[in-house]
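First the structure, in the form of structure tokens, and then the observations on it.
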Amino acid sequence: MMVWTPEHTGRFLDHVAEHRLYALWHLIAFRGLRRGEACGQRWTDTHLDDGRPTVAKQLVVDGWEVYEDDPKTDAGARTIALDSDTVRALKRHPAQQGNAREEWGSA
């Protein structure tokens with residue numbers, strides 16, 4: 001099994017810095033969220049002013065269906081601390097989401 005080194009991760013994040021999903025990948029890389037936890041993170045559970053989002057839900061894929069569920073274990077439901085770079089990336093993200101919504105229209 002291949003694991004990314006810090007150098008690999010940095011190169012990847014530099015490469016995708018302008019991608020609409022950069023904040024998601026940054027959050028996973030630097031704070032250790034699982035893919036389903038990061039994709040299921042709600043803005044109502046993300047408190048950027050104090051840099052401490054609560055992981056309360058996750059997205060789960062079952063066949064072709066995606067549904068929201070609680071984290072796998074009690075320890076999975078947790079509050080995490082964010083570094084200042086991750087807070088900055090997440091604070092930029094709502095504007096990027098708005099731009100994408102305008103660009104895509106009803107698509």
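Here are some notes:
- Residues being over 17 Å from the mean Cα position of the chain (by Cα) and not polar (S, T, N, Q) - total across segment 73-99: 2
- The single condition from (1) touching a helix residue (DSSP H, G or I) at 6+ places or on another chain (Cβ under 6 Å); (2) within 18 Å of Leu21 (Cα to Cα) that Glu103 fails is (1).
- Segment 34-85 - residue that is in a loop (DSSP other than H, G, I, E, B) and hydroxyl-bearing (Ser, Thr, Tyr) and, of those, modelled with the highest pLDDT: Thr46
- Matching residues in segment 26-63 - criterion: being within 12 Å of the chain's Cα centre (by Cα) and at positive phi: Gly32
- Hits in segment 30-71 - residues which are in contact with a Gly (Cβ under 9 Å, 6 or more places away or on another chain) and not β-branched (Val, Ile, Thr): Arg34, Glu37, Ala56, Lys57, Gln58, Leu59, Glu68, Asp69, Asp70, Pro71
- Given (1) surrounded by 14 or more Cβ atoms within 10 Å (Cβ to Cβ); (2) in a loop (DSSP other than H, G, I, E, B); (3) not small (Gly, Ala, Ser), index of the condition Trp25 fails: (2)
- Extreme residue, modelled with the lowest pLDDT, among residues of segment 1-16 that are surrounded by 10 or more Cβ atoms within 10 Å (Cβ to Cβ) and outside any helix (DSSP H, G or I): Trp4
The values are calculated or read from the model by the stated rules, or taken from the named source; none is laboratory data. Treat the numbers as computed from the prediction; the structure is a model and nothing was measured. We place every Cβ from the backbone using ideal geometry, glycine too, and count neighbours over all the protein chains shown.
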